[in-house]
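Visitor: Before I ask anything, let me first share the structure, which is written out below as structure tokens.
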Amino acid sequence: MIRKLLAWWRRRQGDRLEIPEPLWAQVERGLPFLGHLSPDERSHLRQLARQFIAEKQWSGAQGLQLTPRIQLAIALQACLPILHLGLAWYAGWVGIVVYPGDFVIPRRMMDEDGVVHEFDDEVMGEAWYGGPVLISWFEHAEDADGINVVIHEFAHKLDMKSGATDGLPPLHSGMSRQRWIEVMGRAFDDFQKRVDSGENTPLDPYGAELPAEFFAVASEAFFETPALLKGEYPEVYTQLRLFYGQDPAVLEFGEVSVDSRSAKPC
């Protein structure tokens, strides 16, 4: 009953949010990776985006003035991974903080010798367990160096639904946990070796840091450059296709083209 009431409330809040068609069209033109969606899926994504904007608490940091265009662009990208999963996957937190470009987070870490190190970490985004998502906004996509920080950080939020940020989100009925671990583990080990050897990998080398980062980077590629991911790690692509319930590498006219991205750790 509570779940039905929440779903009703989200629909009502989303329906009250008026977004003119020209704004939808303008924002969607800037997100070409939505091209694999059917008309029904695109309509559903719009509804999810409305509900997402209405139920989350938005803040602009460092003087950034949030506009409907910025919020809509972020919402569409954030809701793309949960298109067939539902907004309940983003339950339990409400805050979205948007920065004008890269930002700095103070860190405090203790090394193996017990020495505490304090430093400023320049990042493009960060997802906090049970807390907000911090993301950078770039007015021009090329300024992000080929990284989709929104999909990346919201993939972390999905990962956290299992209770740990380890690259293993809660899997659906019919998916094999053992198969996921084998496929993702094997790909992660291979990717680490390639990055450590100095190879200029087509996927963001930041994915070699941790299994959680590999999942987030692979999720970026799954939606933005799906044929690239499918060519590099076909088994990973299959697992993500099963998890997200989408197959973006296949369009009505065949597979999308492969575009290599430059990458920067975030």
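The values are calculated or read from the model by the stated rules, or taken from the named source; none is laboratory data. Predicted, not measured: the structure shown is a model, and the values here were computed from it. Quick reminder, even Gly has a Cβ in these numbers, built from the backbone with ideal geometry, and neighbours come from all protein chains shown.
Visitor: Does segment 138-146 contain at least one residue that is farther than 28 Å from Gly95 by Cβ, part of a loop (DSSP other than H, G, I, E, B) and free of Cβ contacts under 8 Å to residues at least 60 places away in the same chain?
Guide: Within segment 138-146, none of the residues are farther than 28 Å from Gly95 by Cβ, part of a loop (DSSP other than H, G, I, E, B) and free of Cβ contacts under 8 Å to residues at least 60 places away in the same chain.
Visitor: Can you tell me how many residues in segment 48-88 are part of a loop (DSSP other than H, G, I, E, B) and either without any contact (Cβ under 8 Å) to a residue 24 or more places away in the chain or over 21 Å from Pro22 (Cα atoms) (or both)?
Guide: Applying the first criterion (part of a loop (DSSP other than H, G, I, E, B)) to segment 48-88 yields 56, 61-67, 80-86.
Subset that is either without any contact (Cβ under 8 Å) to a residue 24 or more places away in the chain or over 21 Å from Pro22 (Cα atoms) (or both): 56, 61-65, 67, 81-86.
Here the count works out to 13.
Visitor: Got a sec? Which of Gly131, Gly125 is surrounded by fewer than 17 Cβ atoms within 10 Å (Cβ to Cβ) and in contact with a strand residue (DSSP E or B) (Cβ under 8 Å, 6 or more places away or on another chain)?
Guide: Criteria check complete, one pass: Gly131.
Visitor: Looking at (1) more than 17 Å from Asn148 (Cα to Cα); (2) at pLDDT 95 or above, find the lone condition where Ala249 falls short.
Guide: Evaluating Ala249 over (1) more than 17 Å from Asn148 (Cα to Cα); (2) at pLDDT 95 or above leaves (2) as the failure.
Visitor: Can we say Gly167 is at pLDDT below 70, assigned to a loop (DSSP other than H, G, I, E, B) and either among the small types (Gly, Ala, Ser) or in contact with an Asp or Glu (Cβ under 9 Å, 6 or more places away or on another chain) (or both)? Write out each step before concluding.
Guide: Details: at pLDDT below 70: no; assigned to a loop (DSSP other than H, G, I, E, B): yes; either among the small types (Gly, Ala, Ser) or in contact with an Asp or Glu (Cβ under 9 Å, 6 or more places away or on another chain) (or both): yes.
For Gly167, the condition - at pLDDT below 70, assigned to a loop (DSSP other than H, G, I, E, B) and either among the small types (Gly, Ala, Ser) or in contact with an Asp or Glu (Cβ under 9 Å, 6 or more places away or on another chain) (or both) - is not met.
Visitor: Can you tell me which residue among Tyr206, Tyr237 is among the hydroxyl-bearing types (Ser, Thr, Tyr), assigned to a helix (DSSP H, G or I) and free of Cβ contacts under 8 Å to residues at least 40 places away in the same chain? Please lay out each step first, then the result.
Guide: Values: Tyr206 fails: free of Cβ contacts under 8 Å to residues at least 40 places away in the same chain.
Within the list Tyr206, Tyr237, the selection yields Tyr237.
Visitor: Scanning for something within 20 Å of Phe154 (Cβ to Cβ), buried (at least 17 other Cβ atoms within 10 Å of the Cβ), at pLDDT 95 or above and not β-branched (Val, Ile, Thr), does segment 13-26 turn up at least one residue?
Guide: no
Visitor: Of the residues Gly146, Gly86, which is over 25 Å from Gly207 (Cβ atoms), modelled with pLDDT of 75 or more and not aliphatic (A, V, I, L, M)? Talk me through it step by step, then tell me what you get.
Guide: On the way: Gly146 fails: over 25 Å from Gly207 (Cβ atoms).
Of Gly146, Gly86, the one residue that is over 25 Å from Gly207 (Cβ atoms), modelled with pLDDT of 75 or more and not aliphatic (A, V, I, L, M) is Gly86.
Visitor: Check Ser162 against each of (1) small (Gly, Ala, Ser); (2) crowded, with 21+ Cβ neighbours inside 10 Å; (3) not in a helix (DSSP H, G or I) and name the one condition it does not meet.
Guide: (2) is the only condition that Ser162 fails.
Visitor: Being surrounded by 14 or more Cβ atoms within 10 Å (Cβ to Cβ), in a helix (DSSP H, G or I) and among the charged types (D, E, K, R) narrows it down to one residue among Lys193, Lys157; which is it?
Guide: Working: Lys193 fails: surrounded by 14 or more Cβ atoms within 10 Å (Cβ to Cβ).
Being surrounded by 14 or more Cβ atoms within 10 Å (Cβ to Cβ), in a helix (DSSP H, G or I) and among the charged types (D, E, K, R) holds for just one of Lys193, Lys157, which is Lys157.
Visitor: Do you know which residues across segment 166-181 are more than 18 Å from Leu85 (Cβ to Cβ) and either of a type in the set (Lys, Arg) or touching a strand residue (DSSP E or B) at 6+ places or on another chain (Cβ under 8 Å) (or both)?
Guide: The answer is Arg179, and nothing else.
Visitor: How about segment 170-185: which of its residues are in a loop (DSSP other than H, G, I, E, B) and small (Gly, Ala, Ser)? So that I can check it myself, show each step before the final result.
Guide: Pass one, segment 170-185, residues in a loop (DSSP other than H, G, I, E, B): 170-176.
Residues satisfying the conditions are Ser173, Gly174, Ser176.
Visitor: Might you let me know whether segment 35-56 holds any residue that is modelled with pLDDT of 95 or more, touching a strand residue (DSSP E or B) at 6+ places or on another chain (Cβ under 7 Å) and either aliphatic (A, V, I, L, M) or under 24 Å from Leu158 (Cα atoms) (or both)?
Guide: So far as segment 35-56 goes, yes, one or more of its residues are modelled with pLDDT of 95 or more, touching a strand residue (DSSP E or B) at 6+ places or on another chain (Cβ under 7 Å) and either aliphatic (A, V, I, L, M) or under 24 Å from Leu158 (Cα atoms) (or both).
Visitor: Residue under question is Leu66, and the condition is that it be under 15 Å from the mean Cα position of the chain (by Cα) and closer than 20 Å to Trp137 by Cβ; does it hold?
Guide: Values: under 15 Å from the mean Cα position of the chain (by Cα): no; closer than 20 Å to Trp137 by Cβ: yes.
No; evaluated as a whole, the condition is false for this residue.
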